[in-house]
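The values are calculated or read from the model by the stated rules, or taken from the named source; none is laboratory data. This structure is a prediction, so every number in the text was calculated from the model and none was measured. A quick note on method: Cβ atoms are made from the backbone with ideal geometry, for glycine too, and the neighbour counts reach across all protein chains shown. The protein model used for the area step is the full one, side chains on, heavy atoms only, and it has no ligands, DNA or RNA in it. Shrake-Rupley method; radii C 1.70, N 1.55, O 1.52, S 1.80 Å.
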Amino acid sequence: MSQATLRTDRIQLVPLSDDHLEYEVELDADPEVMRYLAGRARTREEVEEFHHRRLAAASRVPGLGFWAGFVDGRFIGWWLLEPPERADQGPVDGQAELGYRLLRRHWRQGLASEGARELIRHGFEDLGLTRIFAETMAVNTASRATMAALGMQHIRTFHLDNDEPLPGGHLGEVEYAITRHEWLARQAAEA
């Protein structure tokens, strides 16, 4: 199964491709966007390396990968559903990590959660996942609020070894998650 093109009321989510590299360069060039990820803007060479890794994610588990998001034909950011990469994230089968990154001018418009809701729906309904989780730095209150708004629950706070610690990194990382059962119950309650 290849990645599907997905749609919400405002966003078209298309599988990430080489056509999207320049958008990724723009996104990662903003130090504020990268504040809780790298602590600084990324160089073009770094973005190109990450771009190849992002494309490769789509080949690891059918249906999972990265999506570029567009509103009225304009790039706004990307979303991901990818298999766990670290042993502490649990088994690959049946679960995926959710993520999102938006251009700063599109923050605080509900777009991150709108795209993420669609990926959660896709993961549970179309792909048959049993658990979706997301991680961020504990100090990233905006991303944590998005995760909570999606119905995800705080699971744990943990620390990663980081060669280049970021400000606030001493407070650790957080994991939020939602199971298919919890998501179905939430859907029924909202219907």
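Annotations
- Label-to-label distance, nm, for residues given as Asp19 and Asp93 (7 Å Cα→Cβ offset): 3.7
- Evaluated at q = 0.32 Å⁻¹: base-10 log I(q)/I(0), Debye formula over Cα of the range 116-155: -1.13
- Rounded percent of accessible protein surface that carbon and sulfur make up, the range 95-135, 1.4 Å probe: 44
- Computed lengthening from Trp107 to Arg10, 0.36 nm per intervening residue step minus Cα-Cα distance: 33.5 nm
- The Rg/Rh ratio of the chain, with both radii computed over alpha carbons and Rh defined as the Kirkwood radius, is 0.93.
- Anisotropy class of the range 12-93 from Cα gyration tensor, a/c 1.5 cut: oblate
- 13 Å beta-carbon shell around Ala142, net charge (K/R +1, D/E -1): +4
- Report summary: the helix-based calculation at 222 nm, which adds -39500 (n - 2.57) for every DSSP H run with n ≥ 4 and divides by the residues of the chain, gives -9000 deg cm²/dmol.
- Relative contact order (%) - criterion: Cα under 8 Å, at least six apart; region: the range 106-191: 34
- If R0 equals 30 Å, the separation of the Cβ atoms of Ala189 and Ala29 corresponds to a calculated FRET efficiency of about 0.15.
- Peptides 12-19, 110-117 ranked from most to least packed give 110-117, 12-19, packing being the mean of other C-beta atoms within 10 angstrom over each peptide's residues.
- Extension gain, Asp126-Glu45: 0.36 nm per intervening residue step, less the Cα-Cα distance, totals 25.6 nm.
- Inter-part distance, the range 36-73 to the range 81-152, computed on C-alpha centroids, equals 14 Å.
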